[in-house]
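Working notes, structure below.
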Amino acid sequence: FPVELRSDGDAAAKQQLNPLVAAGVISVTTIQKNEPTISGKGQAADYLRYAPTAGQNAVRKGANSFLGGSDICFARRKIVNIESFTAPADAAGLKVTRVTYAYELKDIAPWATKPDIAGAFPQIGALLAKPADQATDGLIQTDSGWKQENETP
């Protein structure tokens, strides 16, 4: 984010983003951009600019994301049990381990439970349909403790 789409194009992307607009997670404004033409002269075109709503912390830059470089935070995982872990090992100068754990989803954002969100983002719908599950994550030891491999600073 921000994402800019021609107002007369990419209907599939707009269909996915509009439920987030309705939920107040992102906003949309119309802007004009100058596009080059064959003659070399620019021609104004309308674009829709989607951006996180002011004060909203649900959208953030992400490493392994499903929305073009951004992650959408709609709940928190509460670890209820560590199932297993590998012995910490050195890899490329870092100490790493893999941890498998059982978790429950907590602090679920009310907007995430709306049917149009699950329709636009099947991953969110699937996670909410099974709010207790198991996951495996890679961890890296840092000076301030163990951090997830894909955790953004």
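The values are calculated or read from the model by the stated rules, or taken from the named source; none is laboratory data. What you see is a predicted model; the values in this text were computed from it and never measured. Cβ: placed from backbone, ideal geometry, glycine included. Neighbour counts: every protein chain shown. Please note that ligands, DNA and RNA were not included when accessible areas were found on the heavy atoms of the full protein model with its side chains. Shrake-Rupley method; radii C 1.70, N 1.55, O 1.52, S 1.80 Å.
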Heavy-atom accessible area per residue of the chain, all protein chains kept, 1.4 Å probe, expressed in Å², is 63 Å²
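Cβ under 9 Å from A45's Cβ, A45 left aside: what net charge do those residues give with Lys, Arg +1 and Asp, Glu -1? Walk me through the intermediate numbers first.
Values: positive: R6, K33; negative: D8, E35, D46.
My count for the surroundings of A45 gives -1.
Assign one of three labels to the range 70-140, namely rounded, prolate or oblate, based on the Cα gyration tensor with a ≥ b ≥ c the square roots of its eigenvalues; rounded applies when a/c is under 1.5, prolate when it is not and a/b is larger than b/c, and oblate otherwise. Spell out each step's value before the answer.
Details: a/c = 3.21, a/b = 2.11, b/c = 1.52.
Prolate, since a/c reaches 1.5 and a/b exceeds b/c.
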How large is the dipole of the chain about the Cα centre if only Lys and Arg carry +1 and Asp and Glu carry -1, each at its Cβ, rounded to the nearest 20 debye?
200 debye
Please give the helix 11-22 orientation as an angle from the longest Cα principal axis of the chain, in degrees from 0 to 90, rounded to the nearest 10.
70 degrees
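Provide the net charge surrounding T136, with neighbours chosen by a C-beta distance below 9 Å and charges set as Lys +1, Arg +1, Asp -1, Glu -1. Display every interim value, and only then the final one.
On the way: positive: R98; negative: E83, D137.
Overall, the nearby charge balance is -1.
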With unit charges on the beta carbon (Lys/Arg positive, Asp/Glu negative), name the residue among A92, A23, N57 whose Cα is farthest towards the positive pole of the charge dipole of the range 3-129.
A92
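Which values, in whole Å and largest first, are the semi-axes of the equivalent ellipsoid of the range 6-143 obtained as the square root of 5 times each eigenvalue of the Cα gyration tensor? The partial results should precede the final answer.
Working: eigenvalues 290, 93, 29 Å².
Working from the Cα gyration tensor, I get semi-axes of 38, 22, 12 Å.
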For I38 paired with R98, estimate the spin-label separation in nm (one decimal), with each label point 7 Å from Cα along the Cα-to-Cβ line.
5.5 nm
With the contact rule set at Cα under 8 Å and sequence spacing of 6 or more, what percent relative contact order holds for the chain?
18 percent
Within the accessible area of the chain, what % is carbon and sulfur when the probe is 1.4 Å and the other protein chains stay in place?
51 percent
Computed for the range 83-144: size of charge dipole around the Cα centre, +1 on C-beta of each Lys and Arg, -1 on C-beta of each Asp and Glu, debye to nearest 20, value 100 debye
Determine, from the Cβ-Cβ distance of R60 and K130 and an R0 of 30 Å, the FRET efficiency 1/(1 + (r/R0)^6), rounded to the nearest 0.05.
0.80
Reach of K33 by Cα under 16 Å, taken over lysines that are not fewer than 8 positions away in the same chain
K41
